[in-house]
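The values are calculated or read from the model by the stated rules, or taken from the named source; none is laboratory data. No experiment lies behind these values; they were computed from the predicted model shown. With ideal geometry, Cβ positions are generated from the backbone for all residues, glycine too; neighbour counts draw on all protein chains shown. To get the accessible areas, we keep the full protein, side chains included, count just its heavy atoms, and leave off ligands, DNA and RNA. Shrake-Rupley method; radii C 1.70, N 1.55, O 1.52, S 1.80 Å.
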Amino acid sequence: MRLLFISLFCFLLTACASSNLTSSWVDKTYPNMPIKSSLVVAMSDNLRIRRIFEDDMVQDLQAKGVNAIASSQLFPNKLPSKSDIAGYIKKNNTQTVFVAKLVNIEEKNVNYPGSRLGYGYGGYNRGLSFNNYYNNSYSYIYDDSYTVSYEFVNVEFTLFDTKSHKPIWSTASESVDPTNMNDIIGELTHILIKNLQDNGVVK
């Protein structure tokens, strides 16, 4: 039963939203919001992941009226260099560059307590009875707590103004057990667009 519960819990966790933003910042003094155009760059040597994220992000930005383009569309076989990006920006007068960068991948153990009631040692408790006292003591011998290992992926997103080269918006995300990258990317881009919209960066 316990193994069944753990398996069910893990399934529900991965089936539900597993990404969230851990921080967010916007330059409220930036005068050119909402933005009009952007080059989207996912800094990854995995061309498939890079293309999926950039395409999803571009599609969502375009839905908000931003003239956005994916770097993988311009440079499909390599991550563009700084000079590659500068050349495109100059030629097309692109207002912003949206950069996604992997920060950290870390495995963490999360402990879930069992059914111990936790009255502590010694002292009198008004709600104490033989049944709960004995059950509590019993569970210390047959501990039913358990630990589950999860993979946490942290990504940083920054939007730069191409004239000043300064950031005008940034945020960071944490995703748990990203086994299906398509689902995680779709979830992330939705969260990012909402944050951009809430901060007035896009319409």
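The K203 and S81 beta-carbon pair, evaluated with R₀ = 30 Å, returns a calculated FRET efficiency of approximately 0.40. Here's the list of lysines a cross-link from K163 could span, going by alpha-carbon distance under 29 Å and ignoring same-chain residues fewer than 8 apart: K28, K36, K64, K78, K82, K90, K91, K101, K194, K203. I69 exposes around 30 Å² of accessible area when a 1.4 Å probe is run over every protein chain in place.
Each of V103 and T158 was given a label point 7 Å from its Cα along the Cα-to-Cβ line. The distance between the two points is 1.2 nm. A simple rule links phi to the HN-Hα coupling: the Karplus curve 6.51 cos²θ - 1.76 cosθ + 1.60 with θ = phi - 60°, which for segment 185-191 gives 5, x, 5, 5, 4, 4, 5 Hz, with x for Gly and Pro.
Going from most exposed to least, what order do E151, E54 have by accessible area with a 1.4 Å probe?
E151, E54
Of the peptides 59-66, 195-202, 38-45, 79-86, how do they stack up when ordered by the mean number of other Cβ atoms within 10 Å, highest first?
The peptides rank, most packed first, as 38-45, 195-202, 59-66, 79-86.
Want the number for D183 to M43: 0.36 nm per residue separation, take away the alpha-carbon distance, what's left?
Gain in length upon complete extension: 48.5 nm.
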